[in-house]
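Comments concern the structure below.
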Amino acid sequence: MPQEADPVRLDTAPAEPAVRGDAVASPDVAVRADGVASPDARAGSPSGRGVPAAGPPLLGSRLAPPPPPGPTVLRPRLLDRLERGTAGPVTLLLAPAGWGKTTLLSGWARSERTGPTPVWVTVADGDTTGRLWAYLAAALRTAVAGDPDEGPPPPMPDGPPRPEQLEALAAALGARERPVLLVLDDLHRVTDPAALAGLEFLLRHGDGRLRLVAGARREPPLALHRWRLAGELTVLGPDELAFTADEVADLLVAHGVPVPAEAVPRLVERTGGWPAGLRFAALTLAAGTDPARAVHQISGDQPDVAAYLRDEVLAPLDPAARDVLSRSAVAVAVGADLAAALTGRADAGHLLAEAAREGGFVQQDGGSPPWYRPHPLLADLLRAELGRLPAEELRELHRRAAAWFAGHDRPAEALRHALTAGEWADAAELLVTRWPELAPDEPAPAAAPAPPEPPAEEVLRHPELALAAAAERAYAGDPAAADGQLRRASAADLPAPRRARFRRLATAVELSLARLTGNHEEVRRAADRLLAEVTGGDSDDVRAVAGAAHGLVALAEGELTVAGGRFATALGAARRAGRARTELLCASRSAVLEAARGALTAAEEHAREALAMPPCRGWSSRLDCGYAYLALALAHWQRDRPAEAAAHLALAGPAGAEPGGAALVALCRAGLLADGGDPAAALRTLAAARAAAPGPELGAWLTAAEAQLRADVGDPAGGRALLDAAGGAAPDPALAVASARLWLATGDAGAAERALPDWPGPDATRWPLPVRLGAGLLDAALAGAAGDGRRAGRLLEEVLALAEPEGCRRVFTRAEPGLRDLLATHLDSGTAYWATVDGLLRAVDASRAGGAPDAPARVLAEPLTERELTILRYLQSILSNVEIAAELSLSVNTVKTHVRNIYRKLDATRRREAVRRARELRLI
């Protein structure tokens, strides 16, 4: 197997002496008892005390961490993970070539630490059991010799250890007070389990005094399941080792590459955070004259990157797995069935799963069944290799892909492959029969080569073909190419019935193009033209597509009521027409709008329906699914379940990229930040969102929330200034309620009463429910402050009647301080909502106490790791282990292992019990 070339090793360490078998050619490079190379410390010499009396000398370069390769980046988050991992017996860095395993291990081993200094062994190809143990003995001897307080060093085996030697060494290790940290780099080079049997014995029987930290490309032949089940195994894979955007920026600075901040996300996207790829990119950018422009030209078929990927990633693969990967690269992502159709291999799915198991270069989406896609740079290389296939063989691959996608409700992908294969009649037919599903509802999918332009003679024969090519380019996010193809389309010579159909299809493509370019007025005009083309046979299709387009524009402009009506109409039409993608779009947005207005039960129902739809699985429809998660986050937030809200909000990221979604994301995030004790961050979030808020309603909600929060942190004048600047002749109810609350907070009850809007009136039924509830509670508080307890009780009962069906609680738990006493009095005087009021009182008391009543301190006998805390937060959501794995880009087995560890550490046996226990401990 080729040697690994992690990014730290691009500048190689000094060359080692030539080797004859296991022997070093020159006896001048041997190892003293302390593990340092010395020309005098030959095996068996008096000066080499403690070194085995026989056998070849040892290389000092294999017993010390390699020096840094040049510009490096300090990565505290990973150093901290390693440090915490050494509290257990085994810590593994598992990733393919170039993921920075050696760099990280070397930096950690060389760093200043308060604990014992790690000892180092680099495993070499061809190490026999005896040769490996010669190095292990030298390393262990170094560790114990460097700690004289622990007494005389234990006996070390001269070669393959005998059972009695292992027992003596385990006993000696177990008697130590300080553990020995042993780093084994390139452990994947050990393929014989017998070579590590002795090491495993020491790990199991050394009373925890031997801690192994290893880097490998795949799981070593150790009984890892024992430590995994016991929660004593720490694993850092490609997901953890990948560079974050901040670390990429630091790396570019270290290389002296001036790249604009906005170019960094593009570099992260193209490299997937792969350390070696980033270092190649940094070297390329540093050598160029325009780094900002060169970022967009980074690809996997560049000579250096391609050579590395061929030698280190593809060459070690089984030929069958490489063939499946290569032929599957004709599609952006593949499932087992599609891979089998492309390759003719029934085991294609198994080979892909095996390739994905190592992570890094073949990614799995976590769906059921799973889909796979190569790393972006590897995809570039595989597609370049595909281009060298005979033309007819490549066309056949595209024909197979088109047929498979067309038969599995993926018309956009089918259209691209049909065009690429030159199947012009099939491409035109796809547009005619599947046009409602070709709208660009999501951001452009992962980059794929554009299909060739249909020949002019074929466009004359099939005029719809130009429309099909335009629709494909619009779906791919290429408006210029789409517009060019649209201009080629002409229906002049078509008979009347076909001409009418052509006009409708052309209008649908124009609508897609307008949506892609963000031209709201043109979207409205195109949608109206499409509605004017309604005929009996496709009326539901037309109403679904045009209604969804109108709804999206209204949502983007902050016209929430209009958007809700449009989406509701389009949702019904999409369901009647059987258009799942349009149904998902409308259901997810409807759920968000319902949650924002306080219809939490309907919002949750629509959101769960959306997440259960087939298009919401895998890498497709991330934006639509993001809106569904945002709806659940808003619902949990209003129900005063901050942990669940935060977990779902973390999954709603794509929705925050659009104006309407961004405002609602900010509103929920700011509320969670404020409730969690970080009002400064909440104010920053609200101010930024308010400045960009679309439409008056969303702006009013954000302004009201910011004004109230300013008053809560002791700046009522700032809050009043915000309200005065936003107010008008007829202020939004949310602003009016916020104004009344500020007046009451400053002691002016009369002004509060005058500012309070008419919440029981008929117009109030159209307000968002949280706003109406807030007004009612404020009215009750004013009555109580005036001494009218009877009226205060009546008003509270009315508010409870409104809140109970939807489960709204936050408006009570975060209301004025005097409300707690009103609720207690109301509970004593009798209420139809006794259980609800009792629960609210407990929640209010808990929030004021900073946690649950009588909650124990946040201490566990064995703390949860960072990854376990992350997964614990996801356990509060509705996501299955498979879905959690997909969101975190982990394997399902890894998630299951973390869940078992969480259960063990929290002394729980079920998911709900673990979540409850974690809340009691204030972990979430």
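The values are calculated or read from the model by the stated rules, or taken from the named source; none is laboratory data. The structure presented is a predicted model; accordingly, all values stated were derived computationally and were not measured. When we count neighbours, we look across all protein chains shown, and the Cβ atoms used for this are built from the backbone with ideal geometry, even at glycine. Just the protein is used for accessible areas: all its heavy atoms, side chains included, with ligands, DNA and RNA removed. Shrake-Rupley method; radii C 1.70, N 1.55, O 1.52, S 1.80 Å.
Each residue in the stretch 219-249 was checked for being more than 23 Å from the chain's Cα centre (by Cα) and open to solvent by 50 Å² or more (accessible area, probe 1.4 Å), and 6 pass. Of all the residues in the stretch 888-904, those that are open to solvent by 60 Å² or more (accessible area, probe 1.4 Å) and part of a helix (DSSP H, G or I) number 4.
Give the number of residues within the stretch 486-507 that are of a type in the set (A, V, I, L, M), in a helix (DSSP H, G or I) and in contact with a Phe, Trp or Tyr (Cβ under 9 Å, 6 or more places away or on another chain).
Of the residues in the stretch 486-507, the ones of a type in the set (A, V, I, L, M) are 486, 489, 491-492, 494, 496, 500, 505-506.
From the residues that got through so far, the ones that are in a helix (DSSP H, G or I) too are 486, 496, 500, 505-506.
Now restrict to residues that are in contact with a Phe, Trp or Tyr (Cβ under 9 Å, 6 or more places away or on another chain): 505.
Residues in the stretch 486-507 being of a type in the set (A, V, I, L, M), in a helix (DSSP H, G or I) and in contact with a Phe, Trp or Tyr (Cβ under 9 Å, 6 or more places away or on another chain): 1 in total.
Looking for something basic (Lys, Arg), out of contact with any strand residue (DSSP E or B) (no Cβ under 7 Å at 6 or more places or on another chain) and closer than 30 Å to residue 565 by Cβ - is there at least one such residue anywhere in the stretch 729-752? Among the residues of the stretch 729-752, not one is basic (Lys, Arg), out of contact with any strand residue (DSSP E or B) (no Cβ under 7 Å at 6 or more places or on another chain) and closer than 30 Å to residue 565 by Cβ, which makes the answer no. Just the residues that are part of a helix (DSSP H, G or I), farther than 24 Å from residue 358 by Cα and open to solvent by 60 Å² or more (accessible area, probe 1.4 Å), please, taken from the stretch 193-217. Of everything in the stretch 193-217, those that are part of a helix (DSSP H, G or I), farther than 24 Å from residue 358 by Cα and open to solvent by 60 Å² or more (accessible area, probe 1.4 Å) turn out to be 201, 204, 205.
Touching a Gly at 6+ places or on another chain (Cβ under 9 Å), among the aliphatic types (A, V, I, L, M) and surrounded by 23 or more Cβ atoms within 10 Å (Cβ to Cβ): which single residue out of 623, 651, 632 fits that description?
651
Checked against (1) modelled with pLDDT under 85; (2) surrounded by fewer than 18 Cβ atoms within 10 Å (Cβ to Cβ); (3) within 26 Å of residue 751 (Cα to Cα); (4) not basic (Lys, Arg), residue 787 meets all criteria but (1).
Please count how many residues of the stretch 294-315 are touching a helix residue (DSSP H, G or I) at 6+ places or on another chain (Cβ under 9 Å) and in a helix (DSSP H, G or I).
The initial filter retains those residues of the stretch 294-315 that are touching a helix residue (DSSP H, G or I) at 6+ places or on another chain (Cβ under 9 Å), namely 294-302, 304-306, 308-310, 312-315.
Filter once more, so that each one left must be in a helix (DSSP H, G or I): 294-297, 304-306, 308-310, 312-314.
Adding up the residues that qualify gives 13.
Count of the stretch 384-432 residues, restricted to those that are closer than 28 Å to residue 543 by Cβ, open to solvent by less than 60 Å² (accessible area, probe 1.4 Å), part of a helix (DSSP H, G or I) and not small (Gly, Ala, Ser), is 8.
Of the residues that sit in the stretch 31-86 and are among the aliphatic types (A, V, I, L, M), farther than 26 Å from residue 129 by Cβ and at pLDDT 90 or above, which one is surrounded by the fewest Cβ atoms within 10 Å (Cβ to Cβ)? Step by step, filter the stretch 31-86, then rank; the result is 79. Residues that are basic (Lys, Arg), under 20 Å from residue 511 (Cα atoms), in contact with a helix residue (DSSP H, G or I) (Cβ under 9 Å, 6 or more places away or on another chain) and buried (at least 23 other Cβ atoms within 10 Å of the Cβ) do not occur anywhere in the stretch 538-550.
Just for the stretch 268-285: of the residues that are in a helix (DSSP H, G or I) and within 24 Å of residue 886 (Cβ to Cβ), which one is most open to solvent (accessible area, probe 1.4 Å)?
So the first thing to find is which residues in the stretch 268-285 are in a helix (DSSP H, G or I), and the list is 268-271, 275-285.
Remaining after also requiring within 24 Å of residue 886 (Cβ to Cβ): 268-271, 275, 277.
Values: 268: 36, 269: 116, 270: 29, 271: 0, 275: 6, 277: 2 Å².
Ranking the qualifying residues of the stretch 268-285, first place goes to 269.
Results for (1) aromatic (Phe, Trp, Tyr); (2) open to solvent by 10 Å² or more (accessible area, probe 1.4 Å); (3) touching a Ser or Thr at 6+ places or on another chain (Cβ under 9 Å), shown as yes or no for each residue.
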{"position": "559", "(1), (2), (3)": "no, yes, no"}
{"position": "562", "(1), (2), (3)": "no, yes, no"}
{"position": "568", "(1), (2), (3)": "no, yes, yes"}
{"position": "574", "(1), (2), (3)": "no, no, yes"}
{"position": "584", "(1), (2), (3)": "no, no, yes"}
{"position": "588", "(1), (2), (3)": "no, no, yes"}
{"position": "592", "(1), (2), (3)": "no, no, no"}
{"position": "600", "(1), (2), (3)": "no, no, no"}
{"position": "603", "(1), (2), (3)": "no, no, yes"}
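Kindly indicate whether residue 810 is in contact (Cβ under 8 Å) with a residue 60 or more places away in the chain and open to solvent by less than 70 Å² (accessible area, probe 1.4 Å). I'd like the intermediate steps shown before the answer.
Values: in contact (Cβ under 8 Å) with a residue 60 or more places away in the chain: yes; open to solvent by less than 70 Å² (accessible area, probe 1.4 Å): yes.
So residue 810 fits the description; yes.
Counting the residues of the stretch 678-727 that are touching a residue at least 12 places away in the same chain (Cβ under 8 Å), open to solvent by 20 Å² or more (accessible area, probe 1.4 Å) and outside any helix (DSSP H, G or I) gives 4.
Pairs are defined by a Cβ separation below 6 Å, a sequence spacing of at least 6 or placement on different chains, a first member in the stretch 155-184 that is over 23 Å from residue 116 (Cα atoms), and a second member that is not in a helix (DSSP H, G or I); the pairs so defined are 158/52; 165/157.
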